[in-house]
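What follows is a set of notes on a single structure, which appears directly below.
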Amino acid sequence: MRCGAFGDMVLFTAMIRELHAKFQCPVDILTSGPWSEPLLRGQPGVGEIWTVRSRKTPYWLSADQRRAVRRLRERGVGPTWFCDGSDAARPLLRRAGIPEEFIVDVRDHPLLAGEHATQQWLRLAQIMPTALGAAAGTATPGVPGACLQVSDRQRADLQTWLQARDLSATPLVLVQIGNKRTMRRGPRRLAVNSKYWPNERWAEVLRHVRRQCPGHAIVLLGTGPEFALNQEVAALANVARLHNGADDLPIPRLVALLARGAGLITVDSGPAHAAAAVGCPMVVLFGKASTSLYRPWGVVGAPVTVLSGLIAGEPDMLGIDTSAVIAAWSALQLRAPDVHARS
């Protein structure tokens, strides 16, 4: 059980991969959010996916929770890993009749100093429920990092999408400006958004990318609520061959696009983790989140440059200068055009 944001679920692929290798059978997942199903469905090692929209809604008012409990009961008792820091979803396991001795709870195994999220999940996958009678740490964990595979269907869908925009034969630079807080408009958007980086700085970066990569098209990523923000930045940048894709990038297409891109400039976000999971080189801007814990890390090993800044001695994305982003991007080794079609 893991109820996390888009990026959290990308990182969680490390544990899915490890448990699948250990038990040689698909790993069923109970999760939340609309992103988990399209992100994880069809990935290696993934079995059934059950989604609850809210863990905090009273049980008898939540059809999703009751459906998940019913399916867990039908599935039967088996080793279970509870991977949430909150206990909001814990009662679902109890209602499903899963005994405590079959559950490994992440809260009983705190994060180690300097540990990355994927390393934590690999370590947790080595810990067996007491009902199995196995000791912790009896095997060497696998390779840290997230991994996503792109299906032929995703590639075909992306190719159709690119052809419609006359981009099918063009190398692509990808840029993720917004994040999940972007949908909050006006002053509140800025007040609560620790991953906000000023539009004027983004525009300056885009002008540099256009000069450095004259043969590339630039595609701005995002979800529907981020479309308007992208338009604002595009107007400020005023460069040619700049495409706003935020109104038409469902998750499977986004992942395929990240697998195709020559490189990505992004804030700390779900797409940053997905990009690392498919081997897209990137420059990523961090705000208050821990870089040691949450830096994008993929098993493919694509180059990732992490930037962070300080304001009044505290981590703050606003402390990152435009010149630092431009320098990092200029030094980044982009993927060559002949690998764009592969993942």
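The values are calculated or read from the model by the stated rules, or taken from the named source; none is laboratory data. Fair warning: this is a prediction, and the values are worked out from it, not measured in the lab. Note that each Cβ is placed from the backbone with ideal geometry, even for glycine, and that neighbours are counted across all protein chains shown.
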_Subset of region 322-343 [out of contact with any strand residue (DSSP E or B) (no Cβ under 9 Å at 6 or more places or on another chain) and at pLDDT 95 or above]_ = Thr322, Ser323, Ile326, Ala327, Ser330
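Which of the residues spanning region 24-44 are without any contact (Cβ under 8 Å) to a residue 60 or more places away in the chain and in contact with a Leu (Cβ under 7 Å, 6 or more places away or on another chain)? Before the answer, list the steps.
Of all residues in region 24-44, those without any contact (Cβ under 8 Å) to a residue 60 or more places away in the chain come to 24-29, 31-34, 36-37, 40-41.
Of everything in region 24-44, those that are without any contact (Cβ under 8 Å) to a residue 60 or more places away in the chain and in contact with a Leu (Cβ under 7 Å, 6 or more places away or on another chain) turn out to be Val27, Ile29.
May I ask you to say which residue of Arg90, Arg123 is within 18 Å of Ile16 (Cα to Cα), surrounded by 14 or more Cβ atoms within 10 Å (Cβ to Cβ) and without any contact (Cβ under 8 Å) to a residue 24 or more places away in the chain? Before you say what the answer is, go through the steps one by one.
Details: Arg90 fails: within 18 Å of Ile16 (Cα to Cα).
When all the criteria are applied, what remains is Arg123.
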*Just for region 240-289: of the residues that are without any contact (Cβ under 8 Å) to a residue 60 or more places away in the chain and assigned to a strand (DSSP E or B), which one is farthest from the chain's Cα centre (by Cα)?*
Leu242
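Looking at Arg107, Arg71, which is the one that is among the basic types (Lys, Arg), closer than 28 Å to Pro144 by Cβ and not assigned by TED's automatic domain parsing to the domain that holds Pro296?
Values: Arg71 fails: closer than 28 Å to Pro144 by Cβ.
Residue meeting the stated conditions: Arg107.
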_Exactly one condition in (1) modelled with pLDDT of 95 or more; (2) surrounded by 17 or more Cβ atoms within 10 Å (Cβ to Cβ) is false for Trp35; which is it?_
(1)
_Residue selected from region 195-223 under the condition in contact with a strand residue (DSSP E or B) (Cβ under 9 Å, 6 or more places away or on another chain) and in a loop (DSSP other than H, G, I, E, B), by the criterion surrounded by the fewest Cβ atoms within 10 Å (Cβ to Cβ)_ = Cys213
*In region 45-74, what count of residues is obtained for those that are part of a loop (DSSP other than H, G, I, E, B), in contact (Cβ under 8 Å) with a residue 24 or more places away in the chain and over 13 Å from Val27 (Cα atoms)?*
2
*What residue, among those in region 263-278 that are touching a strand residue (DSSP E or B) at 6+ places or on another chain (Cβ under 6 Å) and among the aliphatic types (A, V, I, L, M), is surrounded by the fewest Cβ atoms within 10 Å (Cβ to Cβ)?*
Val267
_All positions within region 301-328 that are free of Cβ contacts under 8 Å to residues at least 40 places away in the same chain, in a loop (DSSP other than H, G, I, E, B) and either among the basic types (Lys, Arg) or crowded, with 19+ Cβ neighbours inside 10 Å (or both)_ = Ala302
*So, of the residues in region 290-300 that are in contact (Cβ under 8 Å) with a residue 40 or more places away in the chain and small (Gly, Ala, Ser), which turns out to be farthest from Ile320 (Cα to Cα)?*
Gly298
*Could you give me the residue pairs with C-beta distances under 9 Å whose first residue belongs to region 109-120 and is loosely packed, with under 15 Cβ neighbours inside 10 Å, whose second residue is among the aliphatic types (A, V, I, L, M) wherever it lies, and which are 6+ apart or on separate chains?*
His109/Leu124; His109/Ile127; His109/Ala136; Gly114/Leu293
*Of Val10, Val27, Val77, Val52, which residue is more than 27 Å from Val300 (Cα to Cα), surrounded by 15 or more Cβ atoms within 10 Å (Cβ to Cβ) and either among the hydrophobic types (A, V, I, L, M, F, W, C) or not assigned by TED's automatic domain parsing to the domain that holds Ala117 (or both)?*
Val52
